[in-house]
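Below you'll find the structure, written out as structure tokens, and then a few comments.
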Amino acid sequence: MPLDASSDLSDEDLLDAFARGDRAAARVLTLRLTPRVLAHAGRLLGSRAEAEEVAQEAMLRLWRQAPDWRAGEARVTTWLYRVAANLCIDRQRRARGGTVALDAVPEPPDPAPDAPARMQDRARAEALQAALAQLPVRQRQAVVLRHIEGCANLEIAEIMDTTIEAVESLTTRGRRALTRALAARKEELGYVDE
């Protein structure tokens, strides 16, 4: 039976299988991990095109690392998120503060049935992306990993090469800054106090 993205094999087992020459394992890992890396990079960079390049480079680095992978030292996803985040930071440094207009970032298709709901969802996403872009890089990375990617603080600490306490501080400060940045737009974005 051929492997697919829903395979019960762990990421580490698949990476080991790829290192031993199993091309099907590489396909499974690609299908499983690329969308996550792409979404993460997109949130950090605000540009789908740049995120695609980062995701491709991160996956290439994973394949090059496969023969030397030391099982048990780090989870594949933790390592991959760290590589992607570092690639994003490198791109931002090279751009010297340049940003991509939010209008240039295509929105993914939204299954919402009516146009007003889609417009409101888009306004909320754009407002959040704009507010995220105003955060310092490390705060943005911690907030995205915790509240959008759903990573645990321990995993975030490993990805960011810092302590759990630092992650907690970064996410708390990031949330507060986002709350302040979005507070004036609550009504416009359809958030009303009940």
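What is the sum of charges, Lys and Arg at +1 and Asp and Glu at -1, for the other residues whose Cβ falls under 13 Å from the Cβ of ARG175? Surrounding charge for ARG175 is +4.
Of the listed peptides 137-143, 25-31, what is their order by residue-averaged count of other C-beta atoms within 10 Å, with the highest listed first?
Numbers: 137-143: 21.7, 25-31: 19.4.
Going by the mean number of other Cβ atoms within 10 Å, highest first, we get 137-143, 25-31.
So between ARG82 and GLU168, what do we pick up on full extension, going 0.36 nm a residue minus the alpha carbon distance?
Taking 0.36 nm per residue and subtracting the Cα distance, the gain is 29.2 nm.
Can you bin the range 1-74 into rounded, prolate or oblate? Criterion: square roots of the alpha carbon gyration tensor eigenvalues sorted a ≥ b ≥ c, rounded for a/c under 1.5, prolate for a/b above b/c, oblate for the rest. It would help to have the intermediate numbers written out before the result.
Numbers: a/c = 2.22, a/b = 1.65, b/c = 1.35.
Prolate, because a/c is 1.5 or more and a/b exceeds b/c.
Take the Cβ-Cβ distance between ARG118 and GLU52 as r, set R0 to 25 Å, and report the resulting FRET efficiency rounded to the nearest 0.05. Mind showing how you got there, number by number?
Numbers: r = 24 Å, r/R0 = 0.95.
Once the sixth-power term is evaluated, E becomes 0.60.
Taking the centroid of alpha carbons for each part, the range 61-97 and the range 167-192 are 29 Å apart. The listed residues TYR81, TYR191, once ranked by accessible area (1.4 Å probe) with the largest placed first, stand as TYR191, TYR81. For the range 1-76, the per residue solvent-accessible surface stands at 58 Å², with DNA, RNA and ligands left out and a 1.4 Å probe.
The values are calculated or read from the model by the stated rules, or taken from the named source; none is laboratory data. If you're wondering where the values come from, they're calculated on a predicted model, not measured in any experiment. Here Cβ is always computed from backbone atoms with ideal geometry, including for glycine, and neighbour counts include all displayed protein chains. Note: areas computed on protein heavy atoms with side chains; ligands, DNA, RNA excluded. Shrake-Rupley method; radii C 1.70, N 1.55, O 1.52, S 1.80 Å.
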